[in-house]
Amino acid sequence: MSALRLRLRPRAAIGAEAARAGRTGDRILFALCAGAGLLAVFVLGEVVYQVISGARPAISKFGLGFLVHSRWAPNFSAFGAAQALVGTVITSIIALSIATPLGIAIAVYLAMMAPPAVRTVVGPLVEMLAAIPSVIVGFWGLIVFSPFVANHIEPALHNVLGFMPLFGAAQTTGFSLLTAGLVLTIMVLPIIAALSRDLFLTVPVELTEGAAALGATRWEIIRGVVLPTTASGVAAATVLGLGRALGEAIAVLQVVGDGTGIHSSLFQPGETLAARIANEFTSPESKLHIPSLFYLALILLVIGLVTSVLARMIATRFDVHRSLA
Amino acid sequence: MTEPDDQIDRGPAGERVLGRVRIQTESLPSPAAPAPLPARNGGAPLIARDVVFDIRDMAVYYGDNQALGWTTFKIYRHLVTAVIGPSGCGKSTFIRSLNRMNDAIRGFRIEGQVLYHGHDVYGAEVNRVEVRRRIGMVFQKPNPFPKSIYDNIAWAPRNLGMREDLDARVERALTQAALWDEVEDRLRDSALSLSGGQQQRLCIARAIAVEPDVLLLDEPASALDPVATASIEDLMRTLKNRYTIVIVTHNMQQAARVADQVAFFTLDPGADRVGTLVEHADTQTIFRNPKDSRTRDYVTGRFG
Ligand SMILES: Nc1ncnc2c1ncn2[C@@H]1O[C@H](COP(=O)(O)OP(=O)(O)O)[C@@H](O)[C@H]1O
Ligand SMILES: [Mg+2]
């Protein structure tokens, strides 16, 4: 009996040591995670602070009127955000309104309909599309896509929808808000498609089988079970896509042309917030030029943060797990 | 493999059934049918039964592996047929083949025939969505949709265009599933807020709401506690008034309590561990007087 106890004791001690070592490990892990979390908060705060303080001279000079004035003439010290703001909103709307349904459709196909061979080939291709550097997409947009838009898409749209000022006469260059929006679509599409596909694959087979056993068609299962259970995630994927569309400067710069003023037609060249900031930051032409660019950045930042919060709220409303439980 | 004297029903079970089964004269016992055994308590009337499923030489493969050997038996209207047997003997495979739930599984292949009211379930012109509408299924793990209680029930009827009196339909389904009293004032709550037993009854209500002809239940109570299990079993006894029920269970007592007929499957050790039907008969026969020694060993717990 006593021998047994003697033999047990050291073992218990070893166990305690191991537990203590585990605790130290826990602490290190905790410190690392907490540190990383704090760093993220700090970086966000720092960026917001720098943007606001950089923009301060322009904010005190122009106030909120900055948002509605469209004239941007640095050498005359005339600064207004309206043109770039409208350009950003329009190109992002074009990109999301095409990429969201198309991306979801691709995801539905890849996750639920495609034969395994197609799935294993096309799936990674879609992800690779997201990995193409934007300057290369812009390059392609400049050389290949813009002429195509000018020669084919613009005339076609004008023929069918020309009664709306939005689709005015086709232009010769193809450098336009439409082209920028379509290039952004190509960049946003793989993000939405790949993320949504991964989400659809997480829908428990029990749920889809349960729906199938009720005599539901494939489309009814997708609409009634798969999409609702993943709505919040798909909304988050869309916001990620929106983030890329709002912030993309280089590719847009390459195809949006050099426009002044706000036009009713999508076929006219234009400007976006991000493109203008990237284009002009290194060559200021007057004292308020840099503060005004910071002001543009602030607007972009606010749009980004507000849409992300809105998306989260919408997602929570859709998310049956959370809203009903 | 033994076929029971399955054209007829007698004894106490027969009396219970008499009032509600449509007696179909053309399916009266044919001369070829085995002679009825003497009734145990003084000769209850013989009743003809409608055949719902006529399973003929059904064999199922997943890829190269055969999961189910050649199975032949009949499932009768408004009876509870229990499918029992050890794990992996193909009970789920069998029941899921009745409403084509296996179609989506890669490599699934079926031989023989599954005749449903005389129509081949796997016939070329048959729409599997329509098959599943008539032959509802409840799974082992309760799988309510992450929707409200009401929408869980109303979803399928809406899909099928049964939009009239949807509220009444939902109430009827929940009442039949013995859940109405418990959820009456919280129909808009999430179905996920229900207990496991309630969720399973919700799944039964959901299946009932589209007015199926058959209910297939694959171990519906195996994830539930004894109280919830008892309520599911009670439900089986009342639901068979309206539906034909096939229930998979590995719980012998459960089969004895709820089933009118039992099909016993086992893994045939000789044939590459293929699931095989050993015996199909009335519940009393299976438990008191089985024809096959393997059945006797299994129901008395001497199964190796
Ligand atoms: N989806 C599947 N793919 C391949 N084999 C399967 C599949 N489902 C079941 N099987 C095999 O079929 C046999 C019977 O399984 P199953 O019908 O689930 O048995 P039970 O329900 O009686 O436990 C098992 O050997 C199992 O491995
Ligand atoms: Mg099973």
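The values are calculated or read from the model by the stated rules, or taken from the named source; none is laboratory data. If you're wondering where the values come from, they're calculated on a predicted model, not measured in any experiment. Don't worry about glycine lacking a Cβ; one is built from the backbone with ideal geometry, like all the others, and counts go over all protein chains shown. The accessibility values were calculated without ligands, DNA or RNA, using every heavy atom of the protein model including side chains. Shrake-Rupley method; radii C 1.70, N 1.55, O 1.52, S 1.80 Å.
The table below gives the values:
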{"item": "Per residue, in Å², the accessible surface of segment A:60-324 once ligands and nucleic acids are set aside, probe 1.4 Å", "result": "46 Å²"}
{"item": "Built amide H within the under 5 Å cut-off of residue B:83, gap 5+", "result": "B:247, B:248, B:249, B:263"}
{"item": "Most mobile listed residue (A:65, A:80, A:257) in chain A, GNM with C-alpha springs under 10 Å", "result": "A:65"}
{"item": "DSSP beta bridges in the protein assembly as shown [antiparallel fraction, %, rounded to 5]", "result": "60 percent"}
{"item": "Per-q log10 I(q)/I(0), segment A:14-161, q = 0.12, 0.15, 0.17, 0.22 Å⁻¹ (Debye; single scatterer per alpha-carbon; no solvent)", "result": "-0.99, -1.14, -1.18, -1.29"}
{"item": "Semi-axis lengths, Å, segment A:263-311, gyration tensor of Cα atoms, sqrt of 5 times eigenvalues", "result": "22, 19, 8"}
{"item": "Cα centroid separation - segment A:106-167 against segment B:177-235, whole Å", "result": "47 Å"}
{"item": "Once the Cα gyration tensor of segment A:188-248 is diagonalised, semi-axes √(5λ) in Å", "result": "28, 9, 8"}
{"item": "Residues of segment B:94-136 buried by at least 20 Å² on assembly (accessible area, 1.4 Å probe, chain alone as reference)", "result": "B:96, B:101, B:106, B:129, B:132"}
{"item": "Cleavage-rule hits, GluC sites (Glu not before Pro), segment A:252-318, DSSP coil, Cβ neighbours within 10 Å at most 15", "result": "A:285"}
{"item": "Kirkwood Rh, Cα atoms: Rg over Rh of segment B:39-187", "result": "1.03"}
{"item": "Integer Hz, Karplus 6.51/-1.76/1.60 couplings in order for segment B:89-99, x for Gly and Pro", "result": "8, x, 5, 5, 4, 4, 5, 6, 6, 6, 10"}
{"item": "Heavy-atom accessible surface that B and A bury in contact, both chains counted, 1.4 Å, Å² to 100", "result": "1900 Å²"}
{"item": "Accessible area per residue in Å² at 1.4 Å probe, computed on segment B:51-299", "result": "39 Å²"}
{"item": "Heavy-atom SASA rank of A:98, A:222, A:28 (probe 1.4 Å, accessible area, largest first)", "result": "A:28, A:98, A:222"}
{"item": "Size of charge dipole - the protein assembly as shown - debye, nearest 20, with Cβ of Lys, Arg +1 and Asp, Glu -1, no other charges", "result": "1480 debye"}
{"item": "Net charge of neighbours whose Cβ lies under 12 Å from the Cβ of residue A:253, counting Lys and Arg as +1 and Asp and Glu as -1", "result": "-3"}
{"item": "Mean shadow area of segment B:164-239 over all directions, Cα convex hull, nm²", "result": "5.2 nm²"}
{"item": "Amide H within-cut-off set for residue A:78, under 5 Å, with H built and near neighbours excluded", "result": "A:73"}
{"item": "Largest to smallest accessible area among A:61, A:287, B:147, B:74 [probe 1.4 Å]", "result": "A:287, A:61, B:74, B:147"}
{"item": "Rotationally averaged projected area of the protein assembly as shown (alpha carbon convex hull; nm²)", "result": "43.5 nm²"}
{"item": "Residue among A:244, A:23, A:119 with the largest mean-square fluctuation in a Gaussian network model of chain A, springs linking Cα atoms under 10 Å", "result": "A:23"}
{"item": "Cβ-defined net charge surrounding residue B:199, 13 Å radius [Lys, Arg +1; Asp, Glu -1]", "result": "0"}
{"item": "Shape call, segment A:211-325: gyration tensor on alpha carbons, a/c limit 1.5", "result": "prolate"}
{"item": "Kirkwood hydrodynamic radius of segment B:167-304, from inverse mean 1/r over distinct Cα pairs, in Å", "result": "16.6 Å"}
{"item": "Long-range amide H partners of residue A:267 with built H, under 5 Å", "result": "A:168"}
{"item": "Whether chain A is rounded, prolate or oblate, judged on the alpha carbon gyration tensor where a/c under 1.5 counts as rounded", "result": "oblate"}
{"item": "Simple Cβ-charge dipole of segment B:51-299, Lys/Arg +1 and Asp/Glu -1, about Cα centre, in debye nearest 20", "result": "180 debye"}
{"item": "With every protein chain in place, the protein assembly as shown: carbon and sulfur % of accessible area (1.4 Å)", "result": "61 percent"}
{"item": "Local net charge near residue B:128, Cβ-Cβ under 9 Å (Lys/Arg +1, Asp/Glu -1)", "result": "0"}
{"item": "Ratio of the Cα radius of gyration of segment B:51-299 to 2.2 N^0.38 Å, where N counts its residues", "result": "1.01"}
